[in-house]
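Below is one structure, written out as structure tokens; the observations come after it.
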């Protein structure tokens, strides 16, 4: 149903570990593209998921990060630790730089049932579909919405298909509006002939190794609005002092006060998730946990919000 796409930075992997039970109980399937040379954090995240019976897809040929030239270590980890475990499976990223020959080679190398093809700019869909032919049923297909159009997707009809959109429009923290639309894929994916949907959570698809010090601090929290046909929106709670890169703790406190005020207004539509409760505790203590920790809480809130939505939807 829901396939959140993670890039495998430390705060993302910790969010996965801490949300493993929620992910398993909700039937979510995280897609993880490892970007750090050390695979220790990935191993811990996968172990947490496997321990509770959750599924995960691990990209064996990342487009970004330290493994973009060679994903053999990732493939080795899957072979050594999860051979025979259908729940932890390989994902093959097909980009504009992937030739048809290489795409077929990868598909044949990682041919176990449940392997996921991630269509991210690859253009020769008809030839790939023809080449896979009788083996096509083995593969699940994930399409990045802005990199695989409807005509492209048609060549993979009859097999599991998931559409991943990017609802998080990245910009400088100081430039975010207070609120904006995020996505309606959690509602509309069946109408588009899809078996599931995904997003890049509250991080976004654009990858960066990490910038310099933040001039502004922003807390990004998603919510579902029942008055807007259950569409998802996102709040951006920003600091007021944005002219120097100093005092991130003070700037976090400014953004956090705005979040708490909105929560206490009674009309925020924000779910009181475990992450929101932790934001409340941070406000009460006057504590700044670091920007990576704030991003982790934002991700956990997003996962809990969608888990609650689907749980309510399945219960009528």
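The values are calculated or read from the model by the stated rules, or taken from the named source; none is laboratory data. Bear in mind the structure is a predicted one, so any value in this text is a computation, not a measurement. Quick reminder, even Gly has a Cβ in these numbers, built from the backbone with ideal geometry, and neighbours come from all protein chains shown.
The table below lists the values:
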item	result
Criterion violated by residue 288 - all others in (1) more than 16 Å from the chain's Cα centre (by Cα); (2) in a helix (DSSP H, G or I) satisfied	(2)
Qualifying positions in the range 28-45 - more than 17 Å from residue 71 (Cα to Cα) and in contact (Cβ under 8 Å) with a residue 40 or more places away in the chain	28, 29
Count of residues meeting criterion [under 17 Å from residue 12 (Cα atoms) and assigned to a loop (DSSP other than H, G, I, E, B)] in the range 45-62	3
Condition broken by residue 141, with the remaining ones in (1) over 15 Å from the mean Cα position of the chain (by Cα); (2) farther than 28 Å from residue 225 by Cβ; (3) not in a strand (DSSP E or B) satisfied	(3)
Check on residue 132, in contact with a strand residue (DSSP E or B) (Cβ under 9 Å, 6 or more places away or on another chain), modelled with pLDDT of 95 or more and crowded, with 16+ Cβ neighbours inside 10 Å	no
Qualifying residue in the range 95-107 (condition: out of contact with any strand residue (DSSP E or B) (no Cβ under 6 Å at 6 or more places or on another chain) and within 28 Å of residue 23 (Cα to Cα))	yes
Enumerated strands (runs of 3 or more DSSP E) restricted to the range 160-239, each holding at least 3 residues that are in contact (Cβ under 8 Å) with a residue 24 or more places away in the chain and in contact with a helix residue (DSSP H, G or I) (Cβ under 9 Å, 6 or more places away or on another chain)	161-165, 196-199, 218-225, 231-238
Residue 199, sole failed condition from (1) closer than 30 Å to residue 251 by Cβ; (2) modelled with pLDDT under 95	(2)
Given (1) on the phi > 0 side of the Ramachandran plot; (2) modelled with pLDDT of 95 or more; (3) surrounded by 11 or more Cβ atoms within 10 Å (Cβ to Cβ); (4) out of contact with any strand residue (DSSP E or B) (no Cβ under 7 Å at 6 or more places or on another chain), index of the condition residue 229 fails	(3)
Residue tally, condition part of a helix (DSSP H, G or I) and more than 25 Å from residue 1 (Cβ to Cβ), over the range 63-80	8
Looking only at the range 83-111, and only at residues there that are in a helix (DSSP H, G or I) and farther than 26 Å from residue 49 by Cα, the one that is modelled with the lowest pLDDT	108
Among (1) in contact with a strand residue (DSSP E or B) (Cβ under 7 Å, 6 or more places away or on another chain); (2) modelled with pLDDT of 95 or more; (3) surrounded by fewer than 21 Cβ atoms within 10 Å (Cβ to Cβ) - the single one residue 173 does not satisfy	(2)
Residue tally, condition modelled with pLDDT under 95 and buried (at least 23 other Cβ atoms within 10 Å of the Cβ), over the range 3-33	2
